[in-house]
Each structure stands twice: as structure tokens, then as C-alpha cells.
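*Asks:* The structure that follows is given in the form of C-alpha cells.
Please treat every number below as a calculation from the coordinates, not as lab data. Model, not experiment: these values are computed from the prediction. All Cβ positions, even for glycine, are placed from backbone atoms using ideal geometry, and neighbour counts span all protein chains on display.
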Amino acid sequence: MPRKTSTHIIAQREALIKQSANNYADMFRRRVAATPDKVAFTYPSYKEPEEWNSITWEQTKADVDVLAAGLLSLGLQWEERVGLASSTRMDWVLMDLAIACAGAATTTIYPTTRADDESYILENSNCAFLVAEDALQVAKVQGNKKLDKQLRRIIVIDDDREDSSDPRVLNMTQLRQLGRVYLAEHPTLVDETIAAITPDMLSTLIYTSGTTGRPKGVELLHSCWTYEGVAVKAFDIVFPEDSLYLWLPLAHVFGRDLVSAQIEVGFEAIVDGRVNRLMQGVGETRPTVLVGVPRIFEKVRAAVITMYPKTGIKGRMSHWAFAIGARSRPYRVAGKKMPPYLAARFKVADTLVFSKLREKLGGRMRLMVSGSAKLSQQVQEWLYSAGLVLVEGFGLTETSAIATINHPSKLKFGSIGHPLDGIEAMTADDGELLIRGPIVMRGYHGMPEENEKTLTDGWLHTGDIAEIDEDGDIFITDRKKDLMKTSNGKYIAPQVVENVIMANTPYAAQAVVLGEGQKHAAALIVMDIDALESWGRHHGLRNASYAELTQRPEIYASVTRFIQRANRRLEHWERVRKFVILDRELSLEQDELTPSLKVRRSVVMNHFAPLIKQMYADDSQVPFIDDVDEDDDDVAALAEPAMA
């Protein structure tokens, strides 16, 4: 597979490496020096009514230096691992920066990780310290004989412990006190530590949650983050005057990478990981950039679709506005003037409908970026109709997150765009996407055999099937291992079908498509609990449980119509012919979801094997879904009444 790197890419890469900082901590210090008085972070008070606090880059540095000195005073050594088990919050960012400035490496841990999985991560990465969000996180590691010996110190962020007998545990206030004293005694120590960190030293260990088997520790060097920063900056997609709403899990590479981009570019980050308060927080802080996973943008679309009933002036107006928006898309994407009659109608649609949607997103939203999973082109086009630019990026933990992105000025719906400058991408003979460049991991921690399978001549095998068009735009079609073959010999990419179902079924939270060795595709549907309970209240079923509501015939009838609509967007062999609605949500506790909330398909199929077997049985009571003969309408779902 050896392939010669083009001189153009080499030149790009060398130029960016020359511009980049020596290490992640140095990148942070350079940002502070460049814009000391600019607001760096805004974060919530966690009180009602919510108050928002802001700190400058200089104020951030002062606190980080104290925390780093505190860690050094406790004996933290070069490249020693510090586990960080916390939700997305300002303290996460501060501690991660402090760990970097102390010359150590962060091992990220989701706060939802089960105790046995967390023990595995801490032991496998050989963490010496642990930063725990609260007493619950501390309790996960206490009483484990191996960890009791291995973890020299545990630092708790929210100190709500009832038992303070463990001498290893101290809180953030105590760490800061130690740091101030140590910094006074050794005023140049943090500076000297940062200056001694080399680009090839370990910065972060992120364990891929994985849909099968034990997680693998991805080793990301300081050079991975510094290159990501300068490459994103060179892409000219975010700017110093932007304001990013940072809600993604910082334990996940996607969230963590955004901090690197922020530090290099210099924009403000609004840090609040409370997903249940996402839209409210966006409305209060009015960001210009929102980065998320596809489900967030699907929920935005679903909220608008279900806002108005089929009849009534508001429903008709919304339907009309999105139809006008759809007609305007080709002109706006191409940067051409719309015909006068269309321009006038679009202006009315924007005033009456689209502006109100944008106002719910704070009124200043300039750019939205989707990643972590395949985005539905239908959702992307629908939001663009309303004047909201949503682009898709691509990356893995193994590529330090962002490897490619679709630039708004060259928008191509359904594409993940082009690689960042200096990054190479190509497809193998079997269609697998391969990535090479400074953002690629050093390897999996302690797994030489996996490294040999995944890395070839510097090329990372992503596991994703892709196509690259004549313009160099990349399109992901599915995961290599997820392709299913029906008994008719047809291949189905379940992710594609699931995306279409989710885009057309506004009340669904998840869809798991099946079909390996079967005559046709089928699906397990999980309903959105909030939407379902809201429907129950409006239909006099206030006291009905979630399980009872999922099995109501009205719900099945409504979902059937949505799936019929989705089927019109699929090839005939991809169409879902049967489905069942599960009477419970998929759960982390039962290992059906990864910590990043991806579905573990094999686990789900095993747990619901009897239900799946019955659905495919010849005498199954699950009705077969026929095709519907309707005119395809880009905004047809807007005409659907609430649920039934």
C-alpha cells in the first residue's frame, strides 16, 4: 500500500509544524501571551436562575499554574498518568491544563463508566493520580486492592464525601493551597517544566469505548494536539471572535479536541456539559458555533416538526416556509442570486418562520458542526433551508478527532469534506478510508498486535467505507464491519438506514436495523421518553408508564407512517419491512450503549433475540410494512400531526 506523499501536502505539513507550539502546555501559554485580557471561558453557576461567569486567559493561567504546582508538590512525575473522571465542566478544563503544565498525561474517563471498567482503564494506563468529580466517583475506586496501592493521590472536585478517612484524598481547595505555597517556593518550576516537554511525549490516553470488547487506550502525543490546533486555524472555519458552546463530553476525543482548537484560534468557549439544559443554555449564552453529534440536530428538527399540528395557520405557514427554503438551497449553496419571485418569498419565510428558529438557538448562530457519527443529509438540508449552516466533519479517537471537514464555502451535502492541511486520505481496494499525518495516534497502549493491524506505513485503517468524488470530497457510506447481507444477496449498510429512519421519525430516540441472513431489513425502535410522555399527557394518559405508552396502537400506527416515509428514501432492498418498539430504553448499565452512547449492536441483538426471532418468524404477528405511493416532499413530515 505504500504511496508517495505529494510535495504540496509535505509543504503544508512542514509549514504548520513550524507554526505550532512545542507542546500542548506551550500552546496554552502562547495563547495567554497573545490575548491575556480576552474572555477565554464562560461557565455556569449551577444555580437557579442560572448565572454565567467568565474568566480571561490570564486568569485561567494563574489558576492553572497553581493547580500544576499543587500536582508537582504531591510528587507527580514526567508522563505519569492522571485519571480524570468528571463530566464536562470548567474544572475539567483547568485540571487537564494543569496536568499538561506539570508534564504528566491525562487519562480521560466518562463519569458514567462502571466501576469494573474504570478499574480496568486505571490499571491498564497505570494511573498514579485520579481526579474525581464527586464522592460517587471516589467510591468507585476505593476498596480495590490493586488501585489502593496504585493510586497515590485522589483529588475530588465537588467534595461531598461523608467519609474523609482516606488519607490519599484531598479536594481542589486543598490542592490550590498546596500549589500556592509550592509556587512561592519554586516560582519558575512550572515554566521550566513546560519548557522541557517535547512534542513526542504522551499528552493524553483516551480509551475508545468500543462497540465490542474491552476499550483500547489510544496514545495521543503533544504534537497531535498542537497540529490539530494549527490545522483547524488554517482551515478558516472558526475565528477569534467566535463563541463556542462546549457541551460534548471532554472524556471523548471530539470534545477534548475542541479545546485544542480554541486555544490555538483564541475564541471563547462556553463550558457546560448538562445535556438536559443544552437548548436553554444556548438561548442564554447566544453562541456563534455549536458542535454536536447528529442526534442533537435531529432533535432540533423534530422539535420544529412536532411544534405545529397538521391543520391551522401556523402549521401551513411552516410547511410553506420550508418548501420555499428547499427551493432556495441550490442558489444559496452555489452563491447565486435567487430569482426575484423566490427571493421575495424566502424573505417572508425567513421573517415569519426561520428567524424564530434561529432565535431559539440564541440568534447569533453562524456555524454548526456534526461529528462522531454519520449525519443524515436530509437533516443537514432541512436546517440549511432555514438559514442554519450545518457541516459534517470526520475523525476518530485515533486521529485526535478532526481529520476532515466540509467547509461552508464549499458545502456539499452528505460529504465530510476534505482533509485538514497536511493530512492525507485515500481509500483501500475494499473501500476502507485510510488517514495519514501528524494527528494519527502513536498507537494503542500496550497492544502491539492491534497496532500492526491498524497502522500500515503510517496509514491508519479507519474501519469506515468511503467514496471520494472527482472534487476530492469524501463520503462515508458505512462502517466496514457493520455491512449486512440479506438472504437475497443484497448488502445493507445499517447506519445509512438508521439515519434515514431517525431523520423521518421525530419521536424516535434510537433505531437499530437488522437483516443479516434475513429476507428483508427490520428495526428495533426506541422512543424518546420526553416526547412520548408529552404525547401521553395530551391524550389523557398522564399516569401511563413509558412501557405502556410504547405499546399503544396509536404509537405503532404513527411510527408505521414515519417508516413508510423513510422507506421512500431508500433502495427497495434497504427498506424496513417490520419493526417493533422496545418497551424500555437501551442502557449503559446493561452494556447496550457505550459511554459515548453508541449502540452496541451485538449486545442489543443478544438481549432482544427472542423478540427478533418472533419478528422474523413466518407466523409473526408483527405486520409487514407496505410501500406507500405518495409524492416525495422534502418537508412532508411537517404535515404529520403530533404522533397520531
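*Asks:* For the stretch 65-81 and the stretch 175-253, what is the centre-to-centre distance using only Cα atoms, to the nearest Å?
*Replies:* Between the Cα centre of the stretch 65-81 and that of the stretch 175-253, the gap is 15 Å.
*Asks:* Moving to a separate point now. Return the percentage of antiparallel bridges among DSSP beta bridges fully within the stretch 483-639, rounded to the nearest 5 %.
*Replies:* That works out to approximately 65 percent antiparallel.
*Asks:* Here is a further query. Please list, in order along the stretch 353-361, the HN-Hα scalar couplings obtained from phi with the Karplus expression 6.51 cos²θ - 1.76 cosθ + 1.60 (θ = phi - 60°), rounded to whole Hz, x for Gly and Pro.
*Replies:* In residue order, the calculated couplings are 10, 5, 4, 6, 5, 5, 5, 5, 9 Hz.
*Asks:* By how many degrees, 0 to 90 and rounded to 10, does the Cα axis of helix 529-538 deviate from the longest principal axis of the chain?
*Replies:* Helix 529-538 sits roughly 50 degrees off the main axis of the chain.
*Asks:* Rank by packing, highest mean first: peptides 560-571, 390-401, with packing defined as the count of other Cβ atoms within 10 Å averaged across residues.
*Replies:* 390-401, 560-571
*Asks:* Which chymotrypsin sites (Phe, Trp or Tyr not before Pro) in the stretch 43-151 pass both tests, a DSSP loop state and at most 16 other beta-carbon atoms within 10 Å?
*Replies:* Passing sites in the stretch 43-151 are Tyr46, Trp78.
*Asks:* Please list the non-local residues whose amide H lies under 5 Å from the amide H of Tyr507, H modeled 1.01 Å from N, same-chain partners needing a gap of 5 or more.
*Replies:* So Tyr507 has HN proximity to no qualifying residue.
*Asks:* Report the gain in length on full extension from His539 to Thr188: 0.36 nm times residue separation, minus Cα-Cα distance, nm rounded to one decimal. Mind showing how you got there, number by number?
*Replies:* Details: separation 351, 0.36 × 351 = 126.36 nm, distance 6.74 nm.
Stretched out fully, the His539 to Thr188 stretch lengthens by 119.6 nm.
*Asks:* Around Gly395, which amide H atoms from residues at least 5 apart in sequence, or from another chain, sit under 5 Å from its own amide H, with H modelled in the peptide plane?
*Replies:* Amide H to amide H, under 5 Å and 5 or more residues apart or across chains, Gly395 pairs with Ser372, Ala403.
*Asks:* Still on this structure, I have one more. Assuming R0 = 60 Å, can you tell me the calculated FRET efficiency for the pair Glu359 and Gln614, based on Cβ-Cβ distance, to the nearest 0.05? Display every interim value, and only then the final one.
*Replies:* Working: r = 47 Å, r/R0 = 0.79.
Efficiency computed from Cβ-Cβ geometry: 0.80.
*Asks:* Lysines near Lys519 by alpha-carbon distance under 19 Å, same-chain residues fewer than 8 away left out - which ones?
*Replies:* In chain and number order, the partners are Lys485, Lys490, Lys578, Lys613.
*Asks:* Calculate one ³J(HN,Hα) per residue across the stretch 596-611 by plugging θ = phi - 60° into the Karplus curve 6.51 cos²θ - 1.76 cosθ + 1.60, and present them in order as whole Hz with x for glycine and proline.
*Replies:* 8, 6, 7, 7, 8, 4, 5, 5, 4, 5, 6, 5, 10, 4, x, 5
*Asks:* How far is the Cα center of the stretch 440-456 from the Cα center of the stretch 314-343, in Å?
*Replies:* Comparing the Cα centres of the stretch 440-456 and the stretch 314-343, I get a distance of 49 Å.
*Asks:* Got a sec to turn the phi values of the stretch 152-160 into Karplus ³J(HN,Hα) couplings, 6.51 cos²θ - 1.76 cosθ + 1.60 with θ = phi - 60°, whole Hz, x for Gly and Pro?
*Replies:* 7, 9, 10, 10, 9, 7, 9, 7, 10
*Asks:* Please give the length that would be gained between Ala557 and Thr5 if that part of the chain were fully extended, namely 0.36 nm times their separation in residues minus their C-alpha to C-alpha distance (nm, one decimal).
*Replies:* My answer for the length gained is 193.2 nm.
*Asks:* Assuming R0 = 45 Å, can you tell me the calculated FRET efficiency for the pair Ala196 and Glu585, based on Cβ-Cβ distance, to the nearest 0.05?
*Replies:* Between Ala196 and Glu585 the formula returns 0.40.
*Asks:* At most 13 other Cβ atoms within 10 Å and a DSSP loop assignment: could you name the chymotrypsin sites (Phe, Trp or Tyr not before Pro) in the stretch 442-477 that fit? Walk me through the numbers on the way to the answer.
*Replies:* On the way: sites: Tyr444, Trp459, Phe475; in loops: none.
Qualifying residues, ordered by number: none.
*Asks:* Another one. Taking H as built 1.01 Å from N, whose amide H comes closer than 5 Å to the amide H of Leu250, not counting residues under 5 places away?
*Replies:* The answer is Thr88.
*Asks:* Hey, got a sec? Which GluC sites (Glu not before Pro) in the stretch 247-288 land in a DSSP loop and have at most 15 other Cβ atoms within 10 Å?
*Replies:* Filter output for the stretch 247-288: empty list.
*Asks:* Give me the angle, in degrees from 0 to 90, between the Cα long axis of helix 340-349 and the longest principal axis of the Cα atoms of the chain, rounded to the nearest 10.
*Replies:* So the helix axis and the longest Cα principal axis differ by about 70 degrees.
*Asks:* What's the angle, to the nearest 10 degrees (0 to 90), between helix 90-101's Cα axis and the longest principal axis of the chain?
*Replies:* Value to nearest ten degrees: 50.
*Asks:* Right, something else. Grab the DSSP H runs of the chain that are 4 residues or longer, score each as -39,500 (n - 2.57), total them, divide by all residues and round the 222 nm result to the nearest 500 deg cm²/dmol.
*Replies:* Working: 24 runs with 255 residues, N = 644.
So the helix-based figure for the chain works out to -12000 deg cm²/dmol.
*Asks:* Percent antiparallel among DSSP beta bridges with both residues in the chain, to the nearest 5?
*Replies:* 50
*Asks:* If the chain between Trp78 and Phe624 were fully stretched, how many nm would it gain, using 0.36 nm times the residue separation less the Cα-Cα distance? Write out the running numbers ahead of the final one.
*Replies:* Working: separation 546, 0.36 × 546 = 196.56 nm, distance 6.20 nm.
Here the segment from Trp78 to Phe624 would lengthen by 190.4 nm.
*Asks:* What's the center-to-center distance, using Cα atoms, between the stretch 83-115 and the stretch 358-376 in Å?
*Replies:* 26
*Asks:* Which residues does a label at Ala428 reach in the stretch 463-479, if reach means a backbone N under 12 Å from a point 7 Å past the Cα toward the Cβ?
*Replies:* Only 463-466 fall inside the zone, counting backbone N under 12 Å.
*Asks:* Can you give me the distance in nm between label points at Lys146 and Ala547, each placed 7 Å from the Cα along the Cα-to-Cβ direction?
*Replies:* Taking the simple label geometry, Lys146 and Ala547 are separated by 3.7 nm.
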